[in-house]
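The values are calculated or read from the model by the stated rules, or taken from the named source; none is laboratory data. These numbers come from a predicted model, not from an experiment. Neighbour counts run over all protein chains shown; Cβ positions are idealised from the backbone, glycine included. Please note that ligands, DNA and RNA were not included when accessible areas were found on the heavy atoms of the full protein model with its side chains. Shrake-Rupley method; radii C 1.70, N 1.55, O 1.52, S 1.80 Å.
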Amino acid sequence: MTGKPFRDVNGPLPVERDFDPHEGDLDALVAWENFGGLTLKEAYQRFQENPFVYQEDFMWMGGKAFAYYFPVLERYLLVTPVWGADEEAEWCQVYGLGAAIQFQFSDDCLPEVRELVPRVLPLVAQVKESIEAYVDSGHPYYSDPEMQQHVIREWNELETHLQQFQNK
């Protein structure tokens, strides 16, 4: 998927109210400041600048904005290895994303969000398979084994949570 354009998204860019439907949510307003008015390509570039910081914006943006910008997370998860390395240590590149996605799938989530379940579940499977392959390889992962367990638990919980929406 690297280098390929995002598939067309129907409708206009989300407006501030789509990010902050209850008006006055400071976290939603930060998401608006970071992603409001950006095309999917621009949003993906912004997200890649610092995924660990920007993943929270996907948790707090309103459902309509999340549904519109979900392809940013989808593309990131499809092309980014779960574990990344820098010169000093290995680190988890999907830490927090499972929780951010799960947050959008509340009991009263919007139909636009609910329609994403068939796209999210394969991503969950891919992340879990990547973690399992990494662990099975015997490669020393991030120095904190609790991090590995946290990430596995986060994605397992997302998968379990999404199963309730499959038949609705």
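Miscellaneous remarks
- You will find that of Ile131, Ile152, the residue that is of a type outside the set (D, E, K, R) and at pLDDT below 85 is Ile131 and no other.
- Look at segment 70-81: where a residue is in contact (Cβ under 8 Å) with a residue 60 or more places away in the chain and over 13 Å from Gln45 (Cα atoms) and a partner is of a type outside the set (A, V, I, L, M, F, W, C) and surrounded by fewer than 20 Cβ atoms within 10 Å (Cβ to Cβ), sitting 6+ places away or on another chain with Cβ atoms under 6 Å, you get Val79/Thr2.
- Of the residues making up segment 103-115, just one is under 18 Å from Pro71 (Cβ atoms) and among the polar types (S, T, N, Q), namely Gln104.
- Yes/no for Val82 being surrounded by 20 or more Cβ atoms within 10 Å (Cβ to Cβ) and at pLDDT below 95: yes
- Pro111 fulfils the conditions (1) surrounded by fewer than 16 Cβ atoms within 10 Å (Cβ to Cβ); (2) at pLDDT 85 or above; (3) over 23 Å from Ala28 (Cβ atoms) except for a single criterion, (3).
- Within segment 114-129, residues that are closer than 12 Å to Gln102 by Cβ sit with their Cβ atoms under 7 Å from residues that are open to solvent by 60 Å² or more (accessible area, probe 1.4 Å) and among the polar types (S, T, N, Q), at 6+ positions apart or across chains, in these pairs: Val117/Gln166.
Let's see how each residue does on (1) of a type in the set (Phe, Trp, Tyr); (2) at pLDDT 90 or above; (3) farther than 22 Å from Leu110 by Cα:
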| residue | (1), (2), (3) |
| --- | --- |
| Lys4 | no, no, yes |
| Ala28 | no, yes, no |
| Glu42 | no, yes, yes |
| Glu87 | no, no, yes |
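- Any hit, segment 52-69, residues being modelled with pLDDT under 95, farther than 17 Å from Gln104 by Cα and either open to solvent by 90 Å² or more (accessible area, probe 1.4 Å) or basic (Lys, Arg) (or both): yes
- Within segment 33-50, tally of residues that are open to solvent by less than 20 Å² (accessible area, probe 1.4 Å) and of a type outside the set (Phe, Trp, Tyr): 2
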